Amino acid sequence: MKQFDLVFAILLLTGCAAPEVVQNTNYKDKDLSKRDLTILPIPDDGITVLNKDDVEDDFDDDKRKPEMILQDEVYKTILKASLKSLKRVHVIDTQFPASLFPSRKDTSQFFQVIARVRKDTTVDTFYVPRKAMLESHHITPDIALCINTIEFGRNLTEPGPARFVPGNTVSTPYGSFQEPGHFENGRSSEYLGSNFFYVIWDYKENQAITYGLGKHSSMLMLGMTNSTWKDNFKYIGVEIFKNSPFFWDFYAR
């Protein structure tokens with residue numbers, strides 16, 4: 001089948017979809033264990049960092065721009081974790097330069113898949129690297145994970161419900177009494193949040209296996225550290241592959 005040279009209208013893949021994720025029902029019971037999965041680097045224009053000061057603090061030995069650091073670290077972490085934990089497909093053990101694709105909007109290198117994955121009527125655009133472009137980088141695509149965009153930021157959870165705090169008990173020579181209580185507003189918690197668009201593309205069948213919008217939050221118990229970032233990067237992979245025909249083995253060693 002010829003590689004797509006036009007923008008799809010709405011890509012209609014029916015059936016079982018988690019919120020903001022669409023899975024192609026053609027792959028529901030399909031055996032992909034003999035197929036090869038390539039995890040591709042994120043395009044240069046696909047990284048947004050809202051908390052750059054945290055990157056500078058937590059990757060203090062790396063003097064590159066925050067976007068370049070995270071582009072590299074996300075890719076390497078997901079690849080490493082997938083090689084160990086992802087089952088029912090063969091993950092290609094090849095690491096490419098993180099800055100392999102300058103722009104996902106370059107139509108000579110990417111084609112567009114326009115699809116609706118949200119609960120409302122919003123239509124999103126997903127970008128898939130052209131097969132010829134990948135082959136020019138000595139990549140022979142079979143199945144590929146393409147993270148189109150990812151945004152990082154330090155955020156606050158919604159405050160919890162107000163709670164009643166009883167007053168102190170005061171003891172006197174004439175007896176004890178309790179001071180009036182009061183209500184305290186609920187507290188918010190800080191977390192590192194990541195939001196990402198992705199598509200898993202089957203180049204043999206020329207169709208999406210799954211695509212969608214994902215997110216992950218890593219709570220900040222003792223402040224931001226390098227480990228907070230690494231935890232978030234790993235679980236980006238978990239969030240992506242849990243809605244796919246593949247299996248993530250949390251107990252893999």
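The values are calculated or read from the model by the stated rules, or taken from the named source; none is laboratory data. Since we're looking at a predicted model, the values are computed, not measured. Neighbour counts are summed over all protein chains in view; Cβ atoms, including those assigned to glycine, are modelled from backbone coordinates with ideal geometry. The protein model used for the area step is the full one, side chains on, heavy atoms only, and it has no ligands, DNA or RNA in it. Shrake-Rupley method; radii C 1.70, N 1.55, O 1.52, S 1.80 Å.
Here the spin labels are modelled as points 7 Å beyond Cα on the Cα-Cβ line, and at Thr169 and Glu151 they lie 5.2 nm apart.
Only protein heavy atoms count here; under a 1.4 Å probe, Val199 has an accessible surface of about 0 Å². Extension gain, Val123 to Asp31: 0.36 nm times the residue separation minus the Cα-Cα distance gives 30.1 nm. Estimated at the nearest 10 Å², the accessible area of Thr225 is 60 Å² with a 1.4 Å probe. Surface composition of the stretch 101-143: carbon plus sulfur atoms contribute 45% of the solvent-accessible area (1.4 Å probe, protein chains only, all chains present). Taking a ≥ b ≥ c as the square roots of the Cα gyration tensor eigenvalues, the stretch 49-114 comes out oblate, since a/c reaches at least 1.5 and a/b does not exceed b/c. Accessible surface for Ile147 stands near 10 Å², nearest 10, in the context of the full protein assembly shown (1.4 Å probe). Which entries in the list Lys65/Lys215; Lys52/Lys80; Lys84/Lys105; Lys52/Lys84 go over 27 Å, if you measure between the two C-alpha atoms of each? Checking Cα-Cα distances, Lys84/Lys105; Lys52/Lys84 exceed 27 Å. Normalised radius of gyration (Cα atoms, divided by 2.2 N^0.38 Å) for the stretch 210-253: 1.33. Within the same chain, lysines fewer than 8 places from Lys204 are excluded, and of the rest, those with a Cα less than 16 Å from its Cα are Lys2, Lys30, Lys34, Lys131. Inter-part distance, the stretch 33-98 to the stretch 230-253, computed on C-alpha centroids, equals 14 Å. For the pair Asp53 and Met221, the difference between a 0.36 nm per residue extended length and the Cα-Cα distance amounts to 58.6 nm. Remark: accessible surface ordering of His216, His90, His138 (largest first) is His138, His90, His216, probe radius 1.4 Å.
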